[in-house]
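J.: To start, I am sharing the structure in question, which I have written as structure tokens.
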There are 2 protein chains.
Amino acid sequence: MKLKAKYIDMDTGELTALLHVNDSTEIGVREQDRIKLKHENETVTAIVHTTERYLKPGEVGLLGKAFQFIGPEVGEVLEVMATGKPESVEYIRKKMDGLELSTQEIRTLVNDICEHNLSQVELSAYVTALHINGMNIRETVDLTQAMVETGETIEFDRGPVFDFHSVGGVPGNKVTLLVVPIVAAAGLLIPKTSSRAISSAAGTADIVEVFANVNFDAKKLKSIAESVGGIMAWGGGLNLAPADDIIIRVEYPLGVDPHAQLLASVMSKKKAVGADYLLVDIPMGLGTKVPTMEMAKQYAHDFIELGDKLGMRVECAITYGGQPVGRAIGPALEAREAIAILEGSKSPNSVIEKTLTLAGILLEMGGIPRGYDRAREILESGKALQKFREMVKAQGGNGDIKSEDIKIGKFKAEVLAKKSGYLGSIMNKQLVKIARAAGSPKDKGAGLIIFKKAGSKVDAGEPLYTIYADNENKLNEAVSLAKKLEPMVVEGMVLARMPGITRFQV
Amino acid sequence: MKLKAKYIDMDTGELTALLHVNDSTEIGVREQDRIKLKHENETVTAIVHTTERYLKPGEVGLLGKAFQFIGPEVGEVLEVMATGKPESVEYIRKKMDGLELSTQEIRTLVNDICEHNLSQVELSAYVTALHINGMNIRETVDLTQAMVETGETIEFDRGPVFDFHSVGGVPGNKVTLLVVPIVAAAGLLIPKTSSRAISSAAGTADIVEVFANVNFDAKKLKSIAESVGGIMAWGGGLNLAPADDIIIRVEYPLGVDPHAQLLASVMSKKKAVGADYLLVDIPMGLGTKVPTMEMAKQYAHDFIELGDKLGMRVECAITYGGQPVGRAIGPALEAREAIAILEGSKSPNSVIEKTLTLAGILLEMGGIPRGYDRAREILESGKALQKFREMVKAQGGNGDIKSEDIKIGKFKAEVLAKKSGYLGSIMNKQLVKIARAAGSPKDKGAGLIIFKKAGSKVDAGEPLYTIYADNENKLNEAVSLAKKLEPMVVEGMVLARMPGITRFQV
């Protein structure tokens, strides 16, 4: 059927075409079916939406991306015909029915995801089926491999390549800024790519961006890492395992992260940069992605097994994620806290302890004995600071950077304890909400500094935490949210009184 | 935040708003999050899409329905703020995790579906989770009730109300046109609502529409049914269980129809018209929705139990659906075949036999003994024809309607047997594809007449079936599809030759 092209100034993340119901009936397609559109030598397959209102019969509306893809003039005639679903939809059905997918089926599926051949409805069914029915280790290996193969890969001229990943979910986890320079200062190659915050207050890339560039292409990343020994880059600037970003867009609204997909997401990005040795930090605790020890051990086991099948030596550290790591939350505040430790600060202890343990494991994986002690020497001798500054300079920042140079929010408000007692649990998710209300991660100076950790003795009127913001409105919003959420509750020592048994005489 | 309204000439089935990424970051929302938009006293909640390209910062794009909903002028300023997900998303998560939903949770979920509060991604997750994890009978009852309550209901002044439903999936199943007048002629009230074809060649509503109106509001439906004793209406013209249509839009692209949803879909529509007695026809066989006897019995059991909990007496008939019912497929051709039987035609036997059995069960449910014999008397005496004509007249058609008045496709082509032998299996789905290629159900005259059924002896050159079409192009398309698909294959009596064992002497 021949239809006139109409441009629709919109993009839905799918390749979408709008047909008048008369034409869709004529062509024999319904909402969510597919049509093939042809213009000169270009063809594109689009998901059908129908309307009686927004088009006249004889027109086909093409949304932004689909239009540009085949590039007609507005009003030009396109050849439009019905076409079938991609095979992958059948494989999603198989997974819905609890069946195992073959290597080839997984490869086709990942390819269709990358090519934007699947609709939001189909992707959501994939994520849901994976959440419920899971994948075995063979399928997970295939999924990881397919995700690597459909994206960019980087090969380093010198090796082996060391890498580090934190599963995330714990606020204030700025240890990457310390682990990477320590490991690089020990002479190991560690080209670390990180993500930006999705729902957290600051991803490592958001923090590093406070004082250096993070957005590099593969060639530049390779040259910096090889000359300095390490880099702290934003993974999203490269095209590593692009299927992952498309899948995340559907996982996010459902609030799920299926086990096999989480494993493949991490491992595909590490495999794509050619990691030979990988340490995975699994923060465990309420409010993280991994609430129980049992679950943490399952993840550790699966990361290690998956690494083995992919030819990567993996170790895991299950760490305490029940409350923030260190005192600072938010890009600039976390940067400042991390750099101060490189400069010699002895606190917060939780950050230093976690850093040295993780860096130590990586050093031992690289054949350096007594890793923890060696990591401490590197940190305390100032070699880590020196390596950090080399990296910052190579990434376009100031090679003489000092912690006090980092600008933090101009506006601040202290939250005080209402009564004396002991600090009960700290609610990570509530703290993150407050930091985000204050502007974090977009406003670099926004965030929190926490003065008390769980179990601390607190006197009425003592500050619990300070909220920082780059603008006053957001500070006010964060303060009113803080009043509502109460993320840090002071309790008396008697947490609950259980009434005894009363006997009656009738 | 205040943003200028921009109108986007498109509709996605969701309430969608497009934000520039700068503004979405500022508001603190991402793709698939929700915002509340306020204009004067109207507010609407929309799903966020983001762009860097199709809007300028400071603008908010509203798709057709969302725009009309709050009705600003283009360029007018709207108040835009972030808002949370509806609770239902949590209940979908619960079902994804295999948990039982409470009555109140199901009610909230169905309500959010009807109010268009859920995105395509969320609806797809619901359907997928339901397909995999199912619902118990208590949940299914609650789902059905909630679907009834969120739509229109009809109460008849005289009762009891009899009803009939076919689960579908078998082509040529025009028996409703015969069952309804027989049951009504016996003095029982049968206000039958039917659907249009989705993927079949003709739904009952498509067939009836050949010779009468099918689109009535509740008041008119009630008055016709009460005065004539029966009606054959299109259910889609009413607002019965509207959640169903929204859910179907997601089931369709995934090619699934979760058990609990299918049950609730049928039963909610019957409950909404106040059915007291319901007969469910479950066509069983390859290529139908119910391929095995075991599955058919499970459906029957669940329909009966669900009916019991809803205060409805349900019986089920598992019928043979392995090949078309009768000879005609397509709206006008099926109408003609059915009316000819009312006029006294003794064939096709499969249609008459199925009709009398089903109508007989309904009569017996209504307290009329020897239902099959009574149904035959009503049919053979011409009382069914008379009642049918009363109904046609009340529905705005010709009260003297004759089968030969029905116009069938002007263009036709016969498909001949290539060789002699016996007809093997008939592939329902392929026949439907050919009928649809010929224009069915939109072109009323299009369809097929089948001359041979499975097991028939066939001579080379004998006609197997005739394709009818209202226009020549479509006839040609259907013919070339028929050549490709070969839905009726003639085989010799020896279907396969199994080679014996050959012994070698070395």
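J.: Within segment A:479-506, can you find the residues that are in contact with a Ser or Thr (Cβ under 9 Å, 6 or more places away or on another chain) and either in a strand (DSSP E or B) or modelled with pLDDT of 90 or more (or both)?
T.: Start the filter on segment A:479-506 by keeping residues that are in contact with a Ser or Thr (Cβ under 9 Å, 6 or more places away or on another chain), which leaves A:488-490, A:492.
A:488, A:489, A:490, listed by residue number.
J.: Restricting the first residue to segment A:127-145 and requiring it to be more than 14 Å from chain B (Cβ to nearest Cβ) and closer than 15 Å to residue A:311 by Cβ, which pairs with a second residue that is buried (at least 22 other Cβ atoms within 10 Å of the Cβ) and of a type in the set (D, E, K, R) meet a Cβ separation below 8 Å and a spacing of at least six or different chains?
T.: Note: pairs meeting the criteria are A:144/A:271; A:145/A:271.
J.: I would also like to ask the following. Quick one: which residue in A:12, A:25 is assigned to a helix (DSSP H, G or I) and within 10 Å of chain B (Cβ to nearest Cβ)?
T.: Residue meeting the stated conditions: A:25.
J.: Taking segment A:80-125, which residues are at the interface with chain B (Cβ under 9 Å from one of its Cβ atoms), part of a helix (DSSP H, G or I) and in contact (Cβ under 8 Å) with a residue 40 or more places away in the chain? Don't jump to the end; show me each part of the working.
T.: First pass over segment A:80-125, keeping only residues at the interface with chain B (Cβ under 9 Å from one of its Cβ atoms): A:85, A:89-90, A:92-93, A:96-98, A:119-125.
Still in the running and part of a helix (DSSP H, G or I): A:89-90, A:92-93, A:96, A:120-125.
Hits for segment A:80-125 are A:120, A:121, A:123, A:124.
J.: Of all residues in segment B:404-461, count the ones that are acidic (Asp, Glu) and under 30 Å from residue A:23 (Cα atoms).
T.: Step one: list which residues in segment B:404-461 are acidic (Asp, Glu), which gives B:404-405, B:414, B:443, B:459.
Pick out the ones that are also under 30 Å from residue A:23 (Cα atoms) and you get B:405, B:414, B:443.
Qualifying residue count, segment B:404-461: 3.
J.: Can you find a residue in segment A:147-167 that is at pLDDT below 95, under 19 Å from residue A:296 (Cβ atoms) and assigned to a loop (DSSP other than H, G, I, E, B)?
T.: Yes, segment A:147-167 contains at least one residue that is at pLDDT below 95, under 19 Å from residue A:296 (Cβ atoms) and assigned to a loop (DSSP other than H, G, I, E, B).
J.: Hey, another quick one. Would you point out which residue out of B:80, B:60, B:48, B:89 is touching a strand residue (DSSP E or B) at 6+ places or on another chain (Cβ under 8 Å), crowded, with 19+ Cβ neighbours inside 10 Å and over 25 Å from residue A:61 (Cβ atoms)? Break it down into steps so the answer makes sense when it comes.
T.: Details: B:60 fails: over 25 Å from residue A:61 (Cβ atoms); B:48 fails: over 25 Å from residue A:61 (Cβ atoms); B:89 fails: touching a strand residue (DSSP E or B) at 6+ places or on another chain (Cβ under 8 Å).
Matching residue, one of B:80, B:60, B:48, B:89: B:80.
J.: Out of A:257, A:245, A:206, I need the residue that is within 30 Å of residue B:83 (Cβ to Cβ), crowded, with 24+ Cβ neighbours inside 10 Å, within 15 Å of the chain's Cα centre (by Cα) and of a type outside the set (Lys, Arg). Which one? Full working, then the answer.
T.: Working: A:257 fails: crowded, with 24+ Cβ neighbours inside 10 Å; A:245 fails: crowded, with 24+ Cβ neighbours inside 10 Å.
After ruling out the rest, the residue left standing is A:206.
J.: Scan segment B:265-273 and tell me whether some residue there is within 30 Å of residue B:404 (Cβ to Cβ), under 16 Å from the mean Cα position of the chain (by Cα) and not β-branched (Val, Ile, Thr). Walk me through it before giving the result.
T.: The initial filter retains those residues of segment B:265-273 that are within 30 Å of residue B:404 (Cβ to Cβ), namely none.
No, segment B:265-273 has no match at all.
Each row is one residue, and each column tells you yes or no for (1) outside the structural domain of residue B:178 (by TED's automatic domain parsing); (2) charged (D, E, K, R); (3) under 26 Å from residue B:431 (Cβ atoms).
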| residue | (1), (2), (3) |
| --- | --- |
| B:238 | no, no, no |
| B:244 | no, yes, no |
| B:248 | no, no, yes |
| B:267 | no, no, no |
| B:280 | no, no, yes |
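J.: Taking the condition out of contact with any Leu (no Cβ under 8 Å at 6 or more places or on another chain) and not hydrophobic (A, V, I, L, M, F, W, C), does residue A:159 pass? Lay out the reasoning, then the answer.
T.: On the way: out of contact with any Leu (no Cβ under 8 Å at 6 or more places or on another chain): no; not hydrophobic (A, V, I, L, M, F, W, C): yes.
Here the answer is no, as residue A:159 does not meet what is asked.
J.: Just one of B:449, B:426 is more than 23 Å from residue B:208 (Cα to Cα), β-branched (Val, Ile, Thr) and buried (at least 16 other Cβ atoms within 10 Å of the Cβ); which is it? Spell out how you get there, then give the answer.
T.: On the way: B:449 fails: more than 23 Å from residue B:208 (Cα to Cα).
Matching residue, one of B:449, B:426: B:426.
J.: Give B:306, B:262, B:279 a once-over and let me know the one that is within 12 Å of residue B:168 (Cβ to Cβ), of a type outside the set (Asp, Glu) and crowded, with 18+ Cβ neighbours inside 10 Å. So that I can check it myself, show each step before the final result.
T.: Details: B:306 fails: within 12 Å of residue B:168 (Cβ to Cβ); B:279 fails: within 12 Å of residue B:168 (Cβ to Cβ).
Answer to the selection: B:262.
J.: Another question about this same structure. Quick one: count up the residues across segment B:49-64 that are in a strand (DSSP E or B) and either charged (D, E, K, R) or within 10 Å of another protein chain (Cβ to nearest Cβ) (or both). Let's see the steps before the verdict.
T.: Filtering segment B:49-64 for residues in a strand (DSSP E or B) gives B:49-51, B:59-63.
Now restrict to residues that are either charged (D, E, K, R) or within 10 Å of another protein chain (Cβ to nearest Cβ) (or both): B:49-51, B:59, B:61, B:63.
So the count comes out to 6.
J.: Looking at segment A:65-73, can you tell me whether even one residue there is assigned to a helix (DSSP H, G or I) and modelled with pLDDT of 90 or more?
T.: Of segment A:65-73, the ones assigned to a helix (DSSP H, G or I) are A:65-70.
Cutting the leftovers down to modelled with pLDDT of 90 or more gives us none.
Among the residues of segment A:65-73, not one is assigned to a helix (DSSP H, G or I) and modelled with pLDDT of 90 or more, which makes the answer no.
The values are calculated or read from the model by the stated rules, or taken from the named source; none is laboratory data. This structure is a prediction, so every number in the text was calculated from the model and none was measured. No Cβ is skipped: glycine too gets one built from the backbone with ideal geometry, and neighbour counts run over all protein chains shown.
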